Amino acid sequence: MTRIKRGYIARKRRTKIRLFTSSFRGAHSRLTRTITQQKIKALVSAHRDRDRKKRNFRGLWISRINAVIRGNQKVLDIYSNLIYNLYKGQFLLNRKIVAQIAILKENCLFMIANDIIKTKNPRRYSGKI
Amino acid sequence: MATATVSTLCATFGTHCAISHNPKPLFSQPFNLNRFHSNSYKLTFSPRSPLSPLSPLPKAADSALVQTQPGSLDPQPAQLVPVQPPSWEPGLFAVIMIGSRQYIVHPGRWIVVQRLKGANVNDKIALHKVLLVGTDTSCYIGKPIVTNAVVYATVEEQGLDPKVIVFKYKKKKHYRRNIGHRQPHTRLRINSIMGYENYPKVTMDDIKSDDSES
């Protein structure tokens, strides 16, 4: 076989990985072997967290809706009642939109909640609002 | 210009919550419709010819559109009739459902949705699945949709999202796969929200009257 010197083939490969890891902290952006490991971990985390992102946001929206509905004086309700009645009343609004409305256009949400409450018998819940 | 106003609106949120009245939601929540079986409200998708400035635009009771008159252009090209932008009710917004995702939409802004097959650039689209229309003072709440409400949009661009790297890796098992993915999308410019006037309207006064009664 012809003699082949390795030259800078490995270096070219590693520079690309180094570029990806360039903003990491400490040795994770400086040492070659650590860099390859950190890039793998970063990409795996990104892949996994893209699915987690959907879960996280849904929880955030639920918390926000709950906070706005419980904390206001105009409409007396809680999140679980609101969602139950949204489904019963055949509203198609999802939690993301309701959370956004709750933050940016509170009055609109109160109108929706009021509308729902008027058209049903109030459910009994254990007193604490 | 649209993005500048957008960034001020969503300044209250953290980095990821670019989902406010922002025309560019960063991601979606697939809505679970298995709870009840409503009628299938179809998204109609009517590409029309590109809107020429001389043809009459569909009129709404609230918006005032100034039509550019054909006669004024010819004799005096230097003296153009100033076309005012159509005036909407203040704070007009709608919630529409496209591709089983819901978006808050304002007239004049753009949103990015899943790729609409068969839509070419500069096609006009009518969206009928309007779940909620709201203004500063009142709200038209759809059960489940606001009947006869239509949102007109123009297809601005059929592009691809930035690349995400799907990296699959199992440790100590010598398995790794590196796949790049660009999701196709369509960018729509929302022209107008119409047809909601005759729907029962709810205002804050209803709530106040209820409070005073009970």
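Can you tell me which residue in segment B:146-171 is modelled with the highest pLDDT, limited to those that are surrounded by 20 or more Cβ atoms within 10 Å (Cβ to Cβ) and outside any strand (DSSP E or B)?
B:ALA149
Would you point out which residue out of A:ILE69, A:ILE62 is part of a helix (DSSP H, G or I), modelled with pLDDT of 90 or more and touching a Phe, Trp or Tyr at 6+ places or on another chain (Cβ under 9 Å)?
Step by step, each of A:ILE69, A:ILE62 is checked, and only A:ILE62 is part of a helix (DSSP H, G or I), modelled with pLDDT of 90 or more and touching a Phe, Trp or Tyr at 6+ places or on another chain (Cβ under 9 Å).
Take the residues in segment A:89-118 that are within 22 Å of the chain's Cα centre (by Cα) and of a type in the set (Val, Ile, Thr); name whichever of them is farthest from the other protein chains (Cβ to nearest Cβ).
A:VAL98
Output the number of residues of segment A:73-99 satisfying the condition of being of a type in the set (Lys, Arg), surrounded by 20 or more Cβ atoms within 10 Å (Cβ to Cβ) and modelled with pLDDT of 85 or more.
Counting residues in segment A:73-99 that are of a type in the set (Lys, Arg), surrounded by 20 or more Cβ atoms within 10 Å (Cβ to Cβ) and modelled with pLDDT of 85 or more gives 0.
Just checking, how many residues over segment B:190-201 are basic (Lys, Arg) and buried (at least 19 other Cβ atoms within 10 Å of the Cβ)?
Of the residues in segment B:190-201, 0 are basic (Lys, Arg) and buried (at least 19 other Cβ atoms within 10 Å of the Cβ).
Residues A:SER80, A:SER23, A:SER45: which one is farther than 24 Å from B:SER138 by Cα, in a loop (DSSP other than H, G, I, E, B) and not basic (Lys, Arg)?
A:SER23
Kindly evaluate B:THR137 against the criterion of being surrounded by fewer than 16 Cβ atoms within 10 Å (Cβ to Cβ) and closer than 22 Å to A:GLY89 by Cα.
So B:THR137 fails the test.
For A:ARG70, only one of the following conditions fails: (1) over 30 Å from B:VAL133 (Cβ atoms); (2) surrounded by fewer than 16 Cβ atoms within 10 Å (Cβ to Cβ). What is its number?
(1)
Could you tell me whether any residue of segment B:172-182 is more than 10 Å from chain A (Cβ to nearest Cβ), surrounded by 10 or more Cβ atoms within 10 Å (Cβ to Cβ), at pLDDT 95 or above and outside any strand (DSSP E or B)?
Yes; the residues of segment B:172-182 include at least one that is more than 10 Å from chain A (Cβ to nearest Cβ), surrounded by 10 or more Cβ atoms within 10 Å (Cβ to Cβ), at pLDDT 95 or above and outside any strand (DSSP E or B).
How about segment B:86-144: which of its residues are within 11 Å of another protein chain (Cβ to nearest Cβ), among the charged types (D, E, K, R), outside any strand (DSSP E or B) and touching a residue at least 40 places away in the same chain (Cβ under 8 Å)?
Once the filter is applied, which keeps residues that are within 11 Å of another protein chain (Cβ to nearest Cβ), among the charged types (D, E, K, R), outside any strand (DSSP E or B) and touching a residue at least 40 places away in the same chain (Cβ under 8 Å), segment B:86-144 yields B:LYS129, B:ASP136.
In the set A:LEU86, A:LEU82, A:LEU43, which member is of a type in the set (A, V, I, L, M), without any contact (Cβ under 8 Å) to a residue 40 or more places away in the chain and at the interface with chain B (Cβ under 7 Å from one of its Cβ atoms)?
Of A:LEU86, A:LEU82, A:LEU43, the one residue that is of a type in the set (A, V, I, L, M), without any contact (Cβ under 8 Å) to a residue 40 or more places away in the chain and at the interface with chain B (Cβ under 7 Å from one of its Cβ atoms) is A:LEU43.
The values are calculated or read from the model by the stated rules, or taken from the named source; none is laboratory data. Bear in mind that the values here come from a model prediction, so they are computed numbers and not experimental data. Please note: Cβ atoms are built from the backbone with ideal geometry, for glycine as well, and neighbour counts cover all protein chains shown.
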